Structures are given as C-alpha cells and as structure tokens.
1. Please list, in order along the range 246-254, the HN-Hα scalar couplings obtained from phi with the Karplus expression 6.51 cos²θ - 1.76 cosθ + 1.60 (θ = phi - 60°), rounded to whole Hz, x for Gly and Pro.
2. Taking all pairs of distinct Cα atoms, average 1/r, flip it, and tell me the Kirkwood hydrodynamic radius of the range 93-142 in Å to one decimal place.
3. Could you identify which residue out of 89, 194, 97 has the top mean-square fluctuation in a GNM of the chain using Cα springs shorter than 10 Å?
4. Among 236-243, 7-14, what's the highest-first ranking by average C-beta atoms within 10 angstrom per residue?
5. For the range 102-131 and the range 8-33, write down the distance between their C-alpha centroids in whole Å.
6. Take the chain, connect every pair of alpha-carbon atoms lying under 10 Å apart with a spring to form a Gaussian network, then pick out the residue of 160, 149, 96 with the largest mean-square fluctuation.
7. Say R0 is 41 Å: what FRET efficiency, to the nearest 0.05, do residue 164 and residue 36 get from their beta-carbon distance?
8. I want to verify the translational diffusion coefficient of the range 1-156 in µm²/s; compute it with Stokes-Einstein, Rh as the Kirkwood radius over Cα pairs, at 10 °C and 1.306 mPa s.
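Just so it is clear, none of the values below were taken in a lab; they were calculated from the coordinates. Everything quoted here is computed from the prediction, not taken from an experiment. Using ideal geometry, Cβ is built from the backbone for each residue, glycine included, and neighbour counts are taken over all protein chains shown.
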Amino acid sequence: MQCILSALKSESQPFIKFYNLEKDRRFSFPVFRNEDLYLLGIGMGKKYIEKRVNVFFQKMEKLPIQFINIGLAGGKKSIHTIGDIFIINKIRDENSNKFYFPDILYKHSYKESGITTVCKEITNGGAEFSDLVDMEASEIFKVCSKLSSAHNLIFIKIVSDYMDKSLENFGKNHLSTLMKSNIEGIATFIKNSNLSNNETHKILNDFDEEWLAKIIRILRLTKTQSLLIEKYFKGKMIRDPSYSYSTIPVNKPKSKFERNQIFKKICELLTA
C-alpha cells in the first residue's frame with residue numbers, strides 16, 4: 001500500500017486526477033484513494049500531520065504503508081531552477097536542529113538534495129539556507145518513521161520559488177502546472193519504488209543475511225559501517241535481484257586502514 005502525502009490542494013489535485021482517486025468518506029479530512037493507492041492531505045506546516053497520519057494508519061488497520069511526500073520547496077536562485085525535481089536524502093529540522101535520513105534504495109534518474117524544514121514561510125531570499133526549504137518534511141519523517149521503515153519514506157520535492165515572496169503571490173495555476181509537468185516521471189518513480197512497499201516482503205533472504213553477517217564479522221565493521229553496507233546491499237538486491245555478490249572477494253584485514261579500503265570497495269560495487 002502506498003500513500004501520497006501533500007500539503008496544498010494545488011499539489012494534490014493533479015495526482016487525484018492522474019490516478020482517478022476518489023474521496024474516502026471515512027475521514028473528516030482530505031483522503032482520496034484508488035485501490036491500494038491513497039492520497040492524504042496534511043495541510044501546510046506541521047500542525048495536522050501527526051493526528052491525520054495516525055488516524056489514517058489506524059483506519060488502515062496498521063497495514064504496511066509506504067509514505068510518499070510529494071510537494072513544493074523553496075530553492076536558491078544561484079543553484080536551482082524553478083521546476084527542478086529532487087529526491088530528498090537528508091532532512092534538517094530548523095527548530096530542533098535534528099537530522100533525519102531517508103533510505104533511498106531505489107534506482108532513479110533524479111538529482112538528490114538535502115532540505116530544511118522551517119516553521120514559517122521564508123520570503124527574504126533564504127540566504128541562510130544552503131539547500132531546499134519546506135514546512136513539512138521533518139515532521140512527516142518523525143511521525144511516519146514510527147509506523148514504517150526508513151526505506152519506505154520517500155520525499156519528492158519540486159522547486160516552486162526562490163523564497164523571495166509568499167506563495168500567496170503565485171497563482172494556483174503556477175503551482176499545479178509544476179506538478180503536472182513532472183507527474184509522468186513521478187508516477188514512474190512511485191511505481192518502481194513499490195517493490196518493497198510491503199513489510200512482509202523480505203528484501204534479503206536467509207543466504208543474503210548470512211553473507212552480510214559474514215562480511216560484517218570478517219571485516220569487523222563499526223556499527224555505522226554495518227548499517228551503511230546493509231543499506232547498500234538491500235538497494236542492490238532491489239535493483240538487481242540476480243546480483244551475484246558471492247564473487248566479491250573478502251579477506252580478513254590486517255589493519256583498520258585496510259579494512260576501510262575493503263569496505264569502500266564493497267560499497268562501490270554495491271552502489272554501481
């Protein structure tokens with residue numbers, strides 16, 4: 001099951017039409033569906049996200065759900081172009097300064113970027129921000145990561161403005177047109193990412209798990225290295241289920257330096 005999370009009606013409407021979604025009358029807030037694809041309107045900012053997502057999750061009887069946040073973001077005029085689309089790989093909450101890291105296991109052709117989630121709309125040009133800016137991503141990750149694994153939390157952002165004026169000054173057509181112009185590519189990405197939307201689907205089988213454990217043991221990887229190589233391994237097996245990892249040579253390292261070199265080489269093979 002997949003659930004698109006969007007803040008604005010102008011963000012939602014193109015997807016409602018594209019997927020022929022119909023309003024789900026069980027909810028008092030905007031929810032639309034077509035079979036196993038849902039769209040949940042979360043409103044602008046953090047205010048309603050936790051309550052609405054949790055009510056939705058309970059109604060779905062706690063079934064495995066892949067949450068996909070599709071929305072607009074402010075960009076930097078010197079770096080971005082209006083209409084650019086990004087997959088988010090790092091989220092910073094401006095208020096708490098906490099960082100969140102979605103697991104991007106799926107092969108895609110989009111650029112990746114970090115994003116900062118703010119509490120108030122930025123209209124001064126956003127000189128203090130180095131990446132994209134939005135008002136929902138960190139709260140979505142914080143709430144949804146309690147209900148689903150990190151590789152089932154996807155953030156897709158389209159640059160809508162340069163943070164130099166309020167979104168209210170943009171016509172509704174401007175925002176919806178940005179969505180419509182990217183909708184075919186986003187739909188393909190959503191379809192491809194659906195490979196592991198069900199938590200009962202094991203990405204790694206028992207033999208895969210044994211190989212991974214062996215690598216971690218022989219190389220004496222740190223906890224951080226172990227988590228990273230597991231992430232890359234899962235991503236490789238999703239992209240190429242027939243990948244023959246048994247051909248990767250692994251010898252017991254004689255030093256930390258040698259271990260790190262072997263680790264780096266394996267990561268390069270798994271992400272190729």
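1. 5, 7, 6, x, 9, 10, 5, x, 8
2. Values: mean 1/r = 0.0817 Å⁻¹.
Result for the range 93-142 stands at 12.2 Å.
3. 97
4. Values: 236-243: 14.6, 7-14: 20.2.
Descending packing order for the listed peptides: 7-14, 236-243.
5. Centre-to-centre (Cα) distance: 25 Å.
6. Checking each option, the largest mean-square fluctuation is seen for 96.
7. Using R0 = 41 Å, I get an efficiency of 0.55.
8. Translational D for this selection: 99 µm²/s.
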